[in-house]
Amino acid sequence: MIRPPHLRPGDLICVVAPSGPVPPDDFAQGAAVLSARYQLRYDPASLFRASGFTAGPDHVRLAELVAGLRNPEARAIIMARGGYGLLRILAGIEPDLLRSAAKPIVGFSDGTLLLAQAARAGAASIHGPVVTQVGRLDKDDHDALFAALEQPEARSLCSGLEALVGGRAQGPLLGGNLEVFSRMLGTPYLPDLRGAILFFEDVGERPYRLDRLLTQLELAGVFQAAAGIVAGEFIGCDEPASSGLTSCTASQVLRERLGRLRIPVVLGAPIGHGRRNRALPYGTRVELDANAGTLSALEGVVS
């Protein structure tokens, strides 16, 4: 696994929009936080366009992502927003480019696909907030993002996690958004999950859909291959009272589906679409200690 060089304050970061349309107000708030520490480069004329549910035509979004990766001045790439769109251009993202770019990619949600392809190519990246989310996060999560970019060897990632199944395991950290991750099943773009510590989060998926997603992963052998599971936040995933349906909660689904596994499982990681999204190293080796409630990077060790 190639670990990109450390960033320093003042370094140039390219902002790309390979997924959904970018809300200007949310972007401005996040960009203000990031611009206080780094130089951000983007083209407003292209960044804020929309083509239906994507931020422009497929070939244009792919070309801009490729240009950012090839930019010799850029020390990192950060996604402007998640949404949807990366699946449509996934086949055009060359593994050799992700490997040779030697720069961290920051994203989550729809960005799960991009991070997974970087891992498949042997390049470490960062599961962390997109620009439109940064402005809603607190200072602790800002600091975690800066540390992931500037001090990727930092050991402690998450603490205070709830043990659902006890135990300890080590492996490459993979996963991301549960719904998006599931779309790689049956394709050649799914990373090697053998011995991985998998983490998941989601937003707006009702309990029966979470059950379906988790059951699909189990039937596909994902949990049998993994060494451990970390559950993040599942925002807005309970059945709304207005639906009139009787349902268990999202938390109950997670506990029932994951509590049956024979590998370490923890709940409550501050990762997701809410007001917390702790930046995590993607693709590098970590240790999950469910008994202690901690997730830690293995300093100096890559997968």
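Looking only at segment 142-191, which residues are of a type in the set (Asp, Glu), without any contact (Cβ under 8 Å) to a residue 60 or more places away in the chain and not assigned by TED's automatic domain parsing to the domain that holds Gly122?
Residues of segment 142-191 that are of a type in the set (Asp, Glu), as a first pass: 143, 150, 153, 162, 179.
Restricting the remaining residues to those that are without any contact (Cβ under 8 Å) to a residue 60 or more places away in the chain gives 143, 179.
Correct list: Glu179 only.
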Q. Here is a list of conditions, (1) closer than 18 Å to Leu174 by Cα; (2) of a type in the set (A, V, I, L, M); (3) surrounded by fewer than 21 Cβ atoms within 10 Å (Cβ to Cβ), and Val60 meets all of them except one; can you say which number that is?
A. (1)
Q | Residue selected from segment 176-195 under the condition among the aliphatic types (A, V, I, L, M) and part of a loop (DSSP other than H, G, I, E, B), by the criterion farthest from Ala118 (Cα to Cα) | A | Leu185
Q. Do you know which residues across segment 192-222 are farther than 20 Å from Glu256 by Cβ and either of a type in the set (Asp, Glu) or in the same structural domain as Thr112 (by TED's automatic domain parsing) (or both)?
A. Asp192
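Restricting to segment 94-118, count the residues that are over 23 Å from Asp11 (Cβ atoms) and crowded, with 21+ Cβ neighbours inside 10 Å.
Keep residues of segment 94-118 that are over 23 Å from Asp11 (Cβ atoms), which gives 94-96, 109-110, 112-113, 116-117.
Still in the running and crowded, with 21+ Cβ neighbours inside 10 Å: 109-110, 112-113, 116-117.
The qualifying residues number 6.
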Q. Failed condition for Gly92, given (1) farther than 16 Å from Val131 by Cβ; (2) among the small types (Gly, Ala, Ser); (3) under 19 Å from the mean Cα position of the chain (by Cα), with all others met?
A. (3)
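Is it fair to say Glu201 is crowded, with 18+ Cβ neighbours inside 10 Å, at pLDDT 95 or above and in contact with a Cys (Cβ under 8 Å, 6 or more places away or on another chain)? Before you say what the answer is, go through the steps one by one.
Values: crowded, with 18+ Cβ neighbours inside 10 Å: yes; at pLDDT 95 or above: yes; in contact with a Cys (Cβ under 8 Å, 6 or more places away or on another chain): no.
No; evaluated as a whole, the condition is false for this residue.
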Q. Considering only segment 239-272, how many residues are part of a loop (DSSP other than H, G, I, E, B) and at pLDDT below 95?
A. 7
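The values are calculated or read from the model by the stated rules, or taken from the named source; none is laboratory data. These figures come from a predicted structure and were not determined experimentally. Neighbour counts run over all protein chains shown; Cβ positions are idealised from the backbone, glycine included.
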